[in-house]
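Trainee: Quick one: structure below, then a few questions.
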Amino acid sequence: MAIRPAPSSLMSAALIATSLAASGLCAGTITTESFSNEVTEFLTQEITAHVAEVKSLDPPQATVFGACTSGDFNWGTYMRAVSEWSVLTGRSTIGGKDVASYLGKVGLIEAKGGGKTFSQWYGALTLQQFGTDLRTNRLWQSLTPEEQALWRSLLDPGRFYDRKTRHVIDLPENYFGVAARIAAVDYAIGLTSDRPFADDVLTRAADQFLKGALYTDDDLAHGRYDRYSQEYARSVYEVALMMGRQDIVAAVEPALREDMKTWWAVVSPDGYSFPWGRTIGVISYLDTLDIIGFLARYPQFRPVPLSQLASLYYAAFQSLEHDIQPDRHLLGIWAFGRGNFHYMANREWQVTTQFLGKAAASFGLLRAALARENVRSFATVPELPDVDRFDWFRKGDRPAGVWLVRRPHLRFDLPFTTGTASGIADYLPAPHSLPGFAAPVEQNVPALVPYLELADGRTVVAGDCADQIEPAADRQSVRAIWKRWVVVGAQLAQFTDIGLQSEVTWKLDGDTLVRTEKITASRQVGIRRFTVMYPATGSRVSTRIEAGHRTDRFLTRDGAVEVTALSADLPLSASLAATGDQPAGKGARGAIPLILQFDARDLSMQAGQSRTWALQYRVFPGSGE
């Protein structure tokens, strides 16, 4: 049986790079000088094209290369991109425009439009690039007194930080780091003399670290751990250095060491960082550029030598560079099968210029470190070690953490954490980055974790961290127990006892991974429907029945993978469906052409009764599409 989706007009650069890296076809070395020329030439070409396309700042034009400019952070991100390019290349003009005065006008768009958070941070960073003395700061001096007043309003963290309650307004915890950055720059460049306020914001941002946390919960105390832990730690650390707060520096340093070890264990050969949570493919590649720039500047946190970090930077940059559409100068985030969280709706231009700005900033730091440490060449394919371990995000009641596995042909990261909504596929305790598997982005889909529709109409899932997590001593398996369930789509971490316990064991056996689940009732429970899905990145599948068990063999770019459902006492029926370009077919790194679904209906569980089922996953490298 073979089912093919509609052809994509843009193949994911991530998939291309992953295939090349896995096969060794792109192995070799590149000189630092050659890569430096490639990066600067590419950034100059792309940023020059965007500057030429921006023909009106007052009023700001509605689109650039056909992409909307009215979304969050659009003009602020563009401003930072031009600024960082100017610093990287040492050029003070672009497209016949003086960079300082031009960026002063761009900042007025965000000032007048109520720009907040990252728009403000990028504005503060841009202004600081031209000097900490406003009397000689070329950007500041290019503004009229009225325009300077508008810039002051732009750089006021009060736009999203409530001074009285000491909380960010309707935003996740990671925005404390943004508020701290803005307040610190305001004080450093003399926009304000209120040192106590800047200190207070920083102290508030550092609260979890001062209490001993190594990973930050982005939604206290629900337990949301994802890419923002490392980003937040980097933000607080750099602000603490800027403010001379050695107490906070000392508190954050242990967290950064652990965050960087975790990052090095999850990152993929093509430079893709965190595979679960609020991310799109582009953002996860940008994380890699950001992190390596940070590690170039602060070598004490490096998990590996600089040359290995440079190899990974090269891979991530190549993935992003190849994703730029040459006719539109935009990243292909809306290509066929590419999924995005809802807030990305108007950020196509923003994400593209974010790439250009972050690449310029991070490469400037990496280039300086390579020169300082006399690294003249490096490998074009990163050497990533095998990993078999469990990293704890927190212990105690409702613990959280991630099982990290990286082998030559089998890799995955299995997080136990809370998401943006209960049961959302991006945060389920499933093996994210498993070859051939991808969770549909921001969808209520039972991706390798069952949904149970109860007799009372509620649909529940064993998620939002766990009641108990037990990594095996031999690091070859993890066992987790859920006694308290959550309702799919409901408020986070609102636990309910439905009379069922789920005990799940994930176990490795060579290139085979087996998930075994035992569901036990403490009282009579009616289950209308038990549903679990395997969203497959392969577009071809064949099915066979052996010894009464169904096996589906998918051909993917990572090789062939076989999925087998094993059930002694759950009457599972199976079906295959092609997704087309529907939401369930959109993955963070590319299309999910097929979904294999297993269902059981009208189950009655009696007190003390258990039902067990298992899903076996096996990879056959070198025999895929």
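Readers should treat all values here as calculations from the given coordinates under stated rules, not as data from a laboratory. The structure presented is a predicted model; accordingly, all values stated were derived computationally and were not measured. Note that we place each Cβ from the backbone using ideal geometry, even for glycine, and neighbour counts take in every protein chain shown.
Trainee: Using θ = phi - 60° and the Karplus relation 6.51 cos²θ - 1.76 cosθ + 1.60, list the HN-Hα couplings for segment 611-618 in order, rounded to whole Hz, with x at every Gly or Pro.
Mentor: Going residue by residue, I get 10, 10, 8, 9, 10, 9, 10, 9 Hz, with x marking Gly and Pro.
Trainee: Please work out the FRET efficiency for the pair Lys97 and Glu253, using the Cβ-Cβ distance as r and a Förster radius of 56 Å; give the result to the nearest 0.05. Show your work: numbers first, answer last.
Mentor: On the way: r = 42 Å, r/R0 = 0.75.
About 0.85, to the nearest 0.05.
Trainee: State the extension gain, in nm to one decimal, for the chain segment bounded by Arg376 and Lys211, taking 0.36 nm per residue of separation less the distance between their alpha-carbons.
Mentor: Taking 0.36 nm per residue and subtracting the Cα distance, the gain is 55.2 nm.
Trainee: Local charge sum around Ala614 (other residues, Cβ-Cβ under 9 Å, Lys/Arg +1, Asp/Glu -1)?
Mentor: Net charge in that neighbourhood comes out at 0.
Trainee: What distance in nm separates the two pseudo spin-label positions at Ser36 and Gln325, each 7 Å out from Cα along the beta-carbon direction?
Mentor: Simple spin-label model gives 3.5 nm for this pair.
Trainee: Using mean Cβ contacts within 10 Å as the protection proxy, how do 554-567, 344-357 order, highest first?
Mentor: By packing density, highest mean first, the sequence is 344-357, 554-567.
Trainee: Which order do Glu147, Glu546, Glu173 fall in if you start with the one that has the fewest other Cβ atoms within 10 Å?
Mentor: Ascending number of Cβ neighbours within 10 Å: Glu546, Glu147, Glu173.
Trainee: So how far apart, in nm, are the two label points at Ser542 and Lys261 if each is 7 Å from Cα heading toward Cβ?
Mentor: If labels sit at Ser542 and Lys261, their model points lie 4.5 nm apart.
Trainee: At a Förster radius of 22 Å, what calculated FRET efficiency corresponds to the Cβ-Cβ distance of Leu241 and Ala49, to the nearest 0.05? Don't jump to the answer; show the numbers that get you there.
Mentor: Numbers: r = 36 Å, r/R0 = 1.62.
That pair, Leu241 with Ala49, gives E of 0.05.
Trainee: Per residue of segment 212-225, what does 6.51 cos²θ - 1.76 cosθ + 1.60 with θ = phi - 60° give for ³J(HN,Hα)? Whole Hz please, x for Gly and Pro, Karplus curve as stated.
Mentor: x, 5, 9, 10, 8, 7, 7, 8, 3, 10, 6, x, 9, 10
Trainee: Next up: Report the charge-dipole magnitude of the chain in Debye, nearest 20, computed about the Cα centre from +1 at each Lys and Arg Cβ and -1 at each Asp and Glu Cβ.
Mentor: That gives a dipole near 320 debye.
Trainee: Roughly what would the spin-label model give for Gln582 and Glu383, points 7 Å off Cα along C-beta, in nm?
Mentor: 4.7
Trainee: Using the Cα atoms of segment 293-380 to build a convex hull, what is its mean projected area in square nanometres?
Mentor: That works out to 7.1 nm², a quarter of the Cα hull's surface.
Trainee: Also, quick follow-up: Add -39500 (n - 2.57) for each DSSP H run of 4 or more in the chain, then divide by its residues: what number comes out at 222 nm, to the nearest 500 deg cm²/dmol?
Mentor: On the way: 15 runs with 215 residues, N = 625.
Taking each H run of at least 4 residues, the total per residue is -11000 deg cm²/dmol.
Trainee: So if each residue of separation counts as 0.36 nm, and I subtract the Cα-Cα distance between Ala62 and Ala368, what length gain in nm does that give?
Mentor: Contour length minus the Cα-Cα distance gives 106.4 nm.
Trainee: Give the average over all directions of the projected area of the C-alpha convex hull of segment 161-266, one decimal, in nm².
Mentor: 6.6
Trainee: If the only charges are +1 at each Lys and Arg Cβ and -1 at each Asp and Glu Cβ, what is the size of the charge dipole of segment 387-620 around the Cα centre, to the nearest 20 debye?
Mentor: It works out to roughly 200 debye.
Trainee: For the chain, what mean projected area does the convex hull of the alpha carbons give, in nm²?
Mentor: 27.6
Trainee: Moving on to the next point. Enter the Cα centre distance for the pair segment 449-495 and segment 578-625, rounded to the nearest angstrom.
Mentor: The two parts, judged by their Cα centres, are 17 Å apart.
Trainee: Most exposed first by the Cβ proxy, i.e. fewest other Cβ within 10 Å, how do Tyr343, Tyr617 rank?
Mentor: Tyr343, Tyr617
Trainee: Listing Met605, Met79 from the residue with the fewest other Cβ atoms within 10 Å to the one with the most, what is the order? The partial results should precede the final answer.
Mentor: Details: Met605 19, Met79 28.
Placing the least packed residue first, the sequence is Met605, Met79.
Trainee: If you find the alpha carbon centre of segment 165-192 and of segment 222-254, how far apart are they in angstrom?
Mentor: 13
Trainee: Where in the chain are the DSSP H helices whose alpha-carbon span along the long axis reaches 27 Å or more and whose Kyte-Doolittle mean is at least -0.5? Before the final figure, lay out the partial values.
Mentor: Numbers: long enough: 32-53 (31 Å, -0.28); 246-266 (30 Å, 0.00); 348-372 (36 Å, 0.34).
Qualifying helices: 32-53, 246-266, 348-372.
Trainee: Here's something else I'd like to know. Which residue, Val441, Pro431, Trp506, has the largest displacement toward the positive end of the dipole of segment 401-523 when charges sit on each Cβ (Lys, Arg +1; Asp, Glu -1)?
Mentor: Toward the positive end, the furthest listed residue is Trp506.
Trainee: At a Förster distance of 35 Å, what's the computed FRET efficiency of Ser573 paired with Ala473, Cβ-Cβ distance as r, to 0.05?
Mentor: 0.40
Trainee: What does the charge count near Ser92 come to, summing +1 for each Lys or Arg and -1 for each Asp or Glu among other residues with Cβ under 12 Å from its Cβ? If you can, show how the numbers build up before the last one.
Mentor: Details: positive: Arg91, Lys97, Arg138; negative: Asp98.
Within the 12 Å Cβ shell, the charges total +2.
Trainee: If you don't mind, another one. Return a whole-number percent for the relative contact order of segment 512-625, with Cα pairs under 8 Å and 6 or more residues apart as the contact set.
Mentor: 45
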